[in-house]
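The next block holds one structure in the form of structure tokens; read it before the comments.
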Amino acid sequence: MDAIPTFALLHAGAGTLALAGFWLAAGLRKGSGPHRLAGRAYLLSMATVIATGIPLTLGQWADGHPVAAAFLGYLLLLVSTTVWLSWRAVRDRGSPRRYFGRVHAALAIANPVAGAGVLALGLATGSALLTGFSLVGLFTGIDMWRRRRTMPSRPGWWMQEHYAAMVGNGAATHVAFLVLGLPRLVPEVAGSAAYLAGWFVPVLVAVAANIWLDRRHARGRAPVGQTSPSSSQPSPVPRL
């Protein structure tokens with residue numbers, strides 16, 4: 001497929017912008033105009049990553065690499081889930097029923113199903129990467145179903161959903177840099193233990209960060225600017 005190099009370049013460029021945008025948004029005062037602007041830029045960059053990742057996945061399939069294509073498709077599902085959650089949590093902050101609707105339920109089913117499929121592939125091929133990373137989809141689905149039961153009645157539920165998804169987005173962004181970008185800059189990293197750690201360390205950091213944020217939120221000490229806004233306030237994320 002002659003267009004694949006172009007998509008790969010766009011994919012890498014969007015990923016670079018997403019990495020910069022994530023830390024820019026994280027460093028700005030939550031709820032401020034610059035934070036909302038950085039959030040828009042970040043989510044648009046991530047949407048571009050997803051869009052350009054589709055032809056790259058199809059290219060792997062066309063080139064006779066079905067396992068690689070399946071894994072890339074699985075990663076696109078994980079990223080699409082956290083991007084959608086982080087966007088809709090703010091857009092639907094006045095209606096938990098709308099947020100926890102059909103799309104949320106579909107993603108809560110798709111993630112563990114895809115995770116189980118990748119687990120089967122990992123065991124069949126003897127791939128530690130696929131076997132280990134399959135747990136992300138499995139636990140994401142379990143956690144989404146747990147949140148469907150517990151979150152709607154909680155004050156500030158939308159903020160917990162938003163930051164949990166954004167932490168997941170951050171993990172995805174850093175995984176992409178560590179396993180795709182860094183080996184191009186430092187070729188010796190490819191295939192090493194550090195390369196494998198690049199897949200899992202950001203995920204573990206994201207889990208720890210979410211636990212810390214949930215405890216902080218439960219104590220009523222959410223970061224400044226993260227109190228529940230009225231529905232008349234402008235949304236910090238774009239109307240995609």
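No value in this document is a laboratory result; all are computed from the given coordinates. Everything numeric in this text was worked out from a predicted model, so none of it was measured. Virtual Cβ from ideal backbone geometry, glycine too; neighbours counted across all protein chains shown.
Annotations for the structure displayed:
- Pair H65, T6: separation of 7 Å Cα→Cβ label points (nm): 2.1
- Cα gyration tensor shape of segment 39-154, rounded if a/c is under 1.5, else prolate or oblate by comparing a/b with b/c: oblate
- Prolate is the label for segment 4-218, because the ratio a/c of its alpha-carbon gyration tensor axes (a ≥ b ≥ c) is 1.5 or higher and a/b is greater than b/c.
- Between R102 and S153, the C-beta separation translates, for a Förster distance of 22 Å, into a calculated FRET efficiency of about 0.65.
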